[in-house]
Structure formats: C-alpha cells, structure tokens
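The values are calculated or read from the model by the stated rules, or taken from the named source; none is laboratory data. As the structure is a prediction and not an experimental result, all values here were calculated from the model. Note that each Cβ is placed from the backbone with ideal geometry, even for glycine, and that neighbours are counted across all protein chains shown.
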Amino acid sequence: MNLNILTRSLLLGSLISTSAMAAELEIRINNLTHGNHFTPVLLAAHDGDTHLFNVGEMASSSLQKMAEGGDIADLVTLVESANGVTVSNPAAGLMAPGQTVEGIMLNSQTLTHLSIVAMILPTNDAFIGLDAWEIPTTPGTYTINLNGYDAGTEANDEVVNGGGMPGAPGIPATPGGDGGANATGVSDMSSNDKVHIHPGVLGDTDVNGGMSDLDSRIHRWLNPVARVVVTVK
C-alpha cells in the first residue's frame with residue numbers, strides 16, 4: 001500500500017476511535033426525599049483512577065468539607081487537577097425535596113467515569129453519592145438510583161446549631177424552616193469512621209427540645225435518595 005494512503009488511513013482510524021470514545025451527556029437529577037434539601041451538586045467526568053469517595057475508607061478532607069458543610073470547591077480542584085471536567089451547582093442553589101433539575105450538559109470528552117455528590121440537609125455529614133460510574137459507550141438513556149452515604153467524619157447528633165465547618169459538631173441549618181431547637185442530641189454509639197451507607201435520621205416530634213432538632217415526620221428518608229438519568233449521545 002502507498003505510504004501516504006496508509007498514513008492517512010491510520011490517522012482517520014485514530015480520529016474515529018477518539019470520536020467514538022467522546023460522549024456528550026445530558027443529565028437529569030431528582031431529589032427523591034420528601035423533606036431534605038441537597039446542597040450545590042457536583043457532577044464530574046474523570047478517569048477510572050479518580051474517586052470523590054471510597055466506601056469503606058476514611059473520608060478525605062475534601063469530602064469532609066462537602067459532607068459537613070456543602071463546600072464542593074476542593075473536590076472540584078481534585079477532579080480538575082486530574083484532568084477531569086466538572087459541572088457545579090446546576091440547580092443554582094439548594095435542591096428542594098422532590099425537585100428535578102434537567103438539561104444538565106456535560107461533555108465527558110475521552111473521560112470514562114462519572115461521579116456525583118452533594119450534602120443532604122439537614123444532617124451532620126450525609127451526602128448523595130455516585131462513585132466512578134463507568135460511562136456507557138453505547139448511546140442511550142440510563143437510570144441510576146443514588147443512596148445516602150455517611151462520611152463517618154462526625155457523630156450524627158442531630159443538633160441544629162449552625163455548624164458545618166470540619167471538626168465543628170452540629171448541623172448547619174434546616175433549609176425548610178421545619179426543624180426544632182434546644183435538642184439534647186441523639187446518642188450515636190456508632191464507631192464507624194469510614195464512608196458507609198447512612199443509617200438515616202431518628203428525629204422526634206418535639207420542636208422545643210427532645211433528643212433531636214430534626215422532625216421524624218419530615219426528615220427521615222429511605223434509600224434511594226436521588227435518581228439520576230443519563231442520556232449518552
């Protein structure tokens with residue numbers, strides 16, 4: 001075969017291969033809870049070696065900031081420093097209970113995995129999590145249910161006190177204005193300091209005291225807590 005023809009054929013094959021790996025994603029996220037908000041959501045496309053969290057392992061300081069106070073800045077830096085791409089805060093604020101955000105566009109380029117995180121409010125350190133989901137190479141629509149995870153970085157005392165900084169016990173706020181006050185705190189005997197499935201909140205019905213500032217009729221949840229629909233184009 002003529003060398004120039006061979007070279008052009010190899011180049012064309014390389015371009016087709018690269019194009020086939022690239023995927024334009026359209027994503028929809030639904031908050032399935034009936035009384036909990038999500039802090040600004042982070043969506044990230046990255047390689048298979050990058051993880052925003054690992055179940056069964058200690059949370060990173062970046063994950064702790066997100067899980068306790070909703071701060072995703074360090075996780076964005078983590079992804080982008082690994083040559084990943086991100087979409088931050090597609091809801092332009094908190095995602096309310098039952099809310100759906102759709103039409104989120106993410107060009108995964110040649111990246112192979114998708115991760116999603118956001119803090120669940122009101123909780124001490126719970127978050128929705130999708131860890132390094134492998135992006136399908138076949139165009140189509142894919143549905144993923146997300147569980148609520150516990151970062152393992154803070155006791156689940158269920159006390160709303162404006163906390164949220166790493167190492168500062170307490171819950172930042174009840175965005176729905178439906179929490180109590182003056183709770184003594186839930187006695188959380190769990191010693192699990194690794195990332196794990198969240199056991200859920202206990203709550204009570206005493207808005208002026210009791211053991212919890214969370215309302216058991218509003219803030220309890222069952223997994224899954226979020227549903228993600230990914231359309232690969």
Report task. Sort through Val117, Val101 and tell me the only one that's surrounded by fewer than 21 Cβ atoms within 10 Å (Cβ to Cβ), among the aliphatic types (A, V, I, L, M) and part of a strand (DSSP E or B). Result -> Val101
**Report entry** Only listed residue being free of Cβ contacts under 8 Å to residues at least 60 places away in the same chain, more than 18 Å from the chain's Cα centre (by Cα) and surrounded by fewer than 16 Cβ atoms within 10 Å (Cβ to Cβ), chosen from Asn208, Asn161
**Finding:** Asn208
Report summary line: Within the stretch 73-91, restricting to residues that are over 18 Å from Ile27 (Cα atoms), touching a residue at least 12 places away in the same chain (Cβ under 8 Å) and not β-branched (Val, Ile, Thr), the one that is surrounded by the most Cβ atoms within 10 Å (Cβ to Cβ) is Leu75
Report task. Please find, among Thr123, Thr112, the residue that is under 26 Å from Gly152 (Cα atoms) and surrounded by 14 or more Cβ atoms within 10 Å (Cβ to Cβ). Result -> Thr123
Query raised in the report: What is the residue count in the stretch 154-175 for residues that are closer than 20 Å to Val225 by Cα and at pLDDT below 95?
Result: 1
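State all residues of the stretch 180-202 that are small (Gly, Ala, Ser), surrounded by 12 or more Cβ atoms within 10 Å (Cβ to Cβ) and more than 23 Å from the chain's Cα centre (by Cα); if no residue qualifies, say none.
Gly180, Ala181, Ala183, Gly185
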Query raised in the report: So is Leu11 farther than 17 Å from Ser108 by Cα, hydrophobic (A, V, I, L, M, F, W, C), part of a helix (DSSP H, G or I) and at pLDDT below 95 or not?
Result: yes
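Every residue in the stretch 92-113 that is within 12 Å of Ile27 (Cβ to Cβ) and either under 11 Å from the mean Cα position of the chain (by Cα) or of a type in the set (Gly, Ala, Ser) (or both), please.
Gly103, Ser108
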Query - Selection within the stretch 120-148 - under 11 Å from Met66 (Cα atoms) and part of a strand (DSSP E or B) - result: Ile120, Ala126, Phe127, Ile128
**Report entry** Single match in Leu106, Leu75 (criterion: in a helix (DSSP H, G or I) and either at pLDDT 95 or above or among the β-branched types (Val, Ile, Thr) (or both))
**Finding:** Leu75
Report task. Would you be able to tell me the number of residues in the stretch 126-145 that are under 26 Å from His34 (Cβ atoms) and either surrounded by fewer than 24 Cβ atoms within 10 Å (Cβ to Cβ) or without any contact (Cβ under 8 Å) to a residue 12 or more places away in the chain (or both)? Result -> 8
